[in-house]
Amino acid sequence: MAEVQNEEEVSFREDVDEAEIRDTDIVFDCPHCGKNLVIDYRGAGLQINCSECGESVLVPIPDGMELHDLDLDPGEILKQLFATRRNYQKAELEIRSLQARLVQLQETLGVMQEVIAEGLSAS
Ligand SMILES: [Zn+2]
């Protein structure tokens with residue numbers, strides 16, 4: 001029987017292997033029949049009929065996911081992507097300067113340990 005889908009054509013995936021589940025998929029049990037349901041993240045918050053029992057189920061919204069994330073226009077998402085990349089580059093530069101500082105401190109530590117060892121053997 002062909003179900004009427006919403007415009008975006010988001011529907012439960014049938015007989016999904018554990019290995020086929022993507023990070024972005026929403027996985028939950030049908031509250032009516034208990035069937036393990038798998039759906040693309042775009043189905044979050046939608047009311048869709050269960051592929052097993054046909055009852056209408058509300059797809060849960062994953063933790064940390066905001067519904068408006070889905071409504072952003074591509075330009076906005078691109079802007080966020082660029083901002084994320086910039087932050088990433090900044091973080092990488094910070095890591096590099098911290099690594100250089102770490103090397104300096106390790107050298108200083110090495111010198112101090114030598115001085116202490118010499119002091120101990122001299123006494
Ligand atoms: Zn069901």
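In plain terms, the chain from MET65 to ALA91 could stretch by 7.0 nm, reckoned as 0.36 nm per residue minus the Cα-Cα distance.
Computed on the chain, with alpha-carbon pairs under 8 angstrom and 6+ residues apart, the relative contact order is 15 percent. Full extension of the chain segment joining ARG22 with GLN106 gains 25.9 nm, where the gain is 0.36 nm per residue of separation less the Cα-Cα distance.
Every helix of 4 or more DSSP H residues in the chain counts as -39500 (n - 2.57), and over all residues that averages to -15500 deg cm²/dmol at 222 nm. One Cα centroid belongs to the range 8-40, the other to the range 50-119; the line between them spans 28 Å. With one equal scatterer per alpha carbon and no solvent term, the Debye-computed log10 I(q)/I(0) for the range 18-64 at 0.25 1/Å reads -0.92.
Laboratory data are not the source of any read-out in this text; all were calculated from the coordinates shown. Here the structure is a predicted model, which means the values were calculated and not measured.
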